[in-house]
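First comes the structure, then the notes that go with it.
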Amino acid sequence: MPKTKSGLSAAEYAILGLVQRQPMHGYQIAREMAPNEGIGLVCPLGISNVYFLLGNLERRGLIEVDHREEDAYPPRTVYKATARGRRAFAAWMRSPVERLRQVRMDFLLKLYFLGEGKREDILELVDRQLDFCRKYLAQWQALGESVPAQSFDRLAMEAKSTVAEATLQWLGEYRRRVEQGAGGQRQPAARRGGQR
């Protein structure tokens, strides 16, 4: 999984976002990230990967561990975001995705975490991504015109431009839906399944 400038992967940011929202144990995180629903549609993770990434986040000081005793159950390890983790997550949420191939994961994860937020926050994120995509498209179109029409370089630059155009179209359509109040926001996790 590609790392961002901060050195965290999209999956690590997803876990950080979940434990920032509420302290969780590893099994709860794995259940949230199971394939075929919600966040798992974008970033599915199995339990072993979840615990591996939790270890990485803890070593970096982005999450902390709390051992909780429960009457009828064995002690449980619960993870929560540290102040440093909350700052890192907030910075990631504000920044546009700079590699268009990562829009399908990183940008969708950001929308997932904004799903319970204000429509203005969602529109602000979409607008930042639209601005980035417009600049990206202009850059590749200009470069494409500077190379021979039949060259491989031109073909590669046209491919990048086409992806940017498709992403711009998708973002524009999504923005219109959000403005109309039909943005496809998620349901909070508590509504989808019980948690102990």
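The values are calculated or read from the model by the stated rules, or taken from the named source; none is laboratory data. The model shown is predicted, which means the values in this text are computed figures rather than measured ones. Every residue, glycine among them, receives a Cβ derived from its backbone with ideal geometry; neighbour counts consider all protein chains shown.
Given the conditions (1) touching a strand residue (DSSP E or B) at 6+ places or on another chain (Cβ under 6 Å); (2) surrounded by 12 or more Cβ atoms within 10 Å (Cβ to Cβ), report the number of the one that residue 69 does not fulfil.
Evaluating residue 69 over (1) touching a strand residue (DSSP E or B) at 6+ places or on another chain (Cβ under 6 Å); (2) surrounded by 12 or more Cβ atoms within 10 Å (Cβ to Cβ) leaves (2) as the failure.
Which of the residues belonging to the stretch 136-175 are touching a residue at least 12 places away in the same chain (Cβ under 8 Å) and not in a helix (DSSP H, G or I)?
Within the stretch 136-175, none qualify.
Looking only at residues that are without any contact (Cβ under 8 Å) to a residue 12 or more places away in the chain and not in a strand (DSSP E or B) in the stretch 72-88, which one is surrounded by the most Cβ atoms within 10 Å (Cβ to Cβ)?
Across the stretch 72-88, the extreme among qualifying residues is 87.
Quick check on the stretch 9-36: of everything there that is in contact with a Gly (Cβ under 9 Å, 6 or more places away or on another chain) and touching a residue at least 12 places away in the same chain (Cβ under 8 Å), which residue is surrounded by the fewest Cβ atoms within 10 Å (Cβ to Cβ)?
Among those that are in contact with a Gly (Cβ under 9 Å, 6 or more places away or on another chain) and touching a residue at least 12 places away in the same chain (Cβ under 8 Å), it is 31.
I'd like the full set of residues that are among the acidic types (Asp, Glu) and modelled with pLDDT under 95, limited to the stretch 125-146.
Residue satisfying the conditions is 145 alone.
Quick check: is even one residue across the stretch 43-53 loosely packed, with under 12 Cβ neighbours inside 10 Å and either of a type in the set (A, V, I, L, M) or on the phi > 0 side of the Ramachandran plot (or both)?
Within the stretch 43-53, not a single residue is loosely packed, with under 12 Cβ neighbours inside 10 Å and either of a type in the set (A, V, I, L, M) or on the phi > 0 side of the Ramachandran plot (or both).
Can you name the condition, by its number, that residue 63 falls short on among (1) farther than 20 Å from residue 32 by Cβ; (2) among the hydrophobic types (A, V, I, L, M, F, W, C); (3) at pLDDT 95 or above?
(1)
Can you find, within the stretch 1-35, the residue that is modelled with the lowest pLDDT among those that are small (Gly, Ala, Ser) and part of a loop (DSSP other than H, G, I, E, B)?
6
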